[in-house]
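The values are calculated or read from the model by the stated rules, or taken from the named source; none is laboratory data. Since this is a predicted model, take the numbers as computed values, not measurements. Counting neighbours? That spans all protein chains shown, and the Cβs are built from the backbone with ideal geometry, glycine included.
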């Protein structure tokens, strides 16, 4: 899902919110007609799917309620086999973070750490993270160390 429009009342409080499916709409035609493009278009992932959720604020009780839910998709949904690599399902657990820190301190490279986790989980397809998540996490740790102390410690 992705956030869509929202409507405010006269006191600037949100009273209605729209959430759309990430395949809602299509790319505008003007982007295809440009002749001065230097790179090819990215693959089109949107299918003009009308799935959406509309919420409104019930002022009598102060709670958000559902106004409309459209669940029909005009495309096949992703296979459950691939849910572990979808962004909402990817995470690095605290136990994994401890392993990452100890392996990094022992001198293992990030690719080697990723290979270790893949081996422990029975393959890359069983991991609940991708290599980009690991690189981003390690980069965040390095950035935190720089903020905390001397940049020359790295």
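Just to be sure, is residue 22 part of a loop (DSSP other than H, G, I, E, B), surrounded by fewer than 13 Cβ atoms within 10 Å (Cβ to Cβ), in contact with a strand residue (DSSP E or B) (Cβ under 8 Å, 6 or more places away or on another chain) and free of Cβ contacts under 8 Å to residues at least 40 places away in the same chain?
When the stated conditions are applied, residue 22 passes them.
Got at least one residue in region 38-51 being assigned to a strand (DSSP E or B), touching a strand residue (DSSP E or B) at 6+ places or on another chain (Cβ under 9 Å) and assigned by TED's automatic domain parsing to the domain that holds residue 6?
So far as region 38-51 goes, no, none of its residues is assigned to a strand (DSSP E or B), touching a strand residue (DSSP E or B) at 6+ places or on another chain (Cβ under 9 Å) and assigned by TED's automatic domain parsing to the domain that holds residue 6.
Any residue at all in region 67-87 that is farther than 26 Å from residue 144 by Cα, assigned to a loop (DSSP other than H, G, I, E, B) and in contact (Cβ under 8 Å) with a residue 40 or more places away in the chain?
yes
Hey, does region 71-83 have a residue that's surrounded by 11 or more Cβ atoms within 10 Å (Cβ to Cβ) and touching a helix residue (DSSP H, G or I) at 6+ places or on another chain (Cβ under 7 Å)?
Looking for residues that are surrounded by 11 or more Cβ atoms within 10 Å (Cβ to Cβ) and touching a helix residue (DSSP H, G or I) at 6+ places or on another chain (Cβ under 7 Å), one finds at least one in region 71-83, hence yes.
Can you name the condition, by its number, that residue 66 falls short on among (1) loosely packed, with under 10 Cβ neighbours inside 10 Å; (2) in contact with a strand residue (DSSP E or B) (Cβ under 8 Å, 6 or more places away or on another chain); (3) over 24 Å from residue 88 (Cβ atoms)?
Result: residue 66 fails condition (3) only.
Please tell me if residue 104 is farther than 18 Å from residue 127 by Cα and either in the same structural domain as residue 140 (by TED's automatic domain parsing) or in contact (Cβ under 8 Å) with a residue 60 or more places away in the chain (or both). Don't jump to the end; show me each part of the working.
On the way: farther than 18 Å from residue 127 by Cα: yes; either in the same structural domain as residue 140 (by TED's automatic domain parsing) or in contact (Cβ under 8 Å) with a residue 60 or more places away in the chain (or both): yes.
Answer is yes for this residue.
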